[in-house]
1. Give the residue that is most open to solvent (accessible area, probe 1.4 Å), with candidates limited to residues of the stretch 20-35 that are under 20 Å from residue 10 (Cβ atoms) and either in contact with a Pro (Cβ under 6 Å, 6 or more places away or on another chain) or not small (Gly, Ala, Ser) (or both).
2. Would you check which residues across the stretch 36-66 are farther than 30 Å from residue 15 by Cβ, of a type in the set (A, V, I, L, M) and open to solvent by less than 80 Å² (accessible area, probe 1.4 Å) and list them?
3. Looking at 25, 78, 15, 74, which one is part of a helix (DSSP H, G or I), of a type outside the set (D, E, K, R) and under 16 Å from the mean Cα position of the chain (by Cα)?
4. Out of curiosity, is residue 58 assigned to a helix (DSSP H, G or I) and either of a type in the set (Ser, Thr, Tyr) or at pLDDT below 95 (or both)?
Amino acid sequence: MANYTITLSDAEDKALKSVTISAQAWIDNAVHERCRIAIESIVAAEVERITATGGTLSGTKEDIVNAAPIRSLAEKQAEREAAQ
């Protein structure tokens, strides 16, 4: 499981606290929602890819994402740069 740390300036912290009761809860929610959107996209692509070849899917959405042959955005960017 990955852990991430964020550092805000005093002004950023004060600004965030002016629009939310809990800065940590807001940050957690924003990240989890973005992950949920990415998971839905990956699962949809995997369902299409696997069923197009006559394959079958099993497991949870997390299982499908973990088994998916996807590259990180950093890997994709490095490949583009290497091709130039």
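The values are calculated or read from the model by the stated rules, or taken from the named source; none is laboratory data. None of these values were measured; they are calculated from a predicted model. No Cβ is skipped: glycine too gets one built from the backbone with ideal geometry, and neighbour counts run over all protein chains shown. To get the accessible areas, we keep the full protein, side chains included, count just its heavy atoms, and leave off ligands, DNA and RNA. Shrake-Rupley method; radii C 1.70, N 1.55, O 1.52, S 1.80 Å.
1. 21
2. Hits for the stretch 36-66 are 42, 43, 44, 45, 47, 50, 57, 64, 65.
3. Result: 74 is the single residue among 25, 78, 15, 74 that is part of a helix (DSSP H, G or I), of a type outside the set (D, E, K, R) and under 16 Å from the mean Cα position of the chain (by Cα).
4. No: the conditions fail for residue 58.
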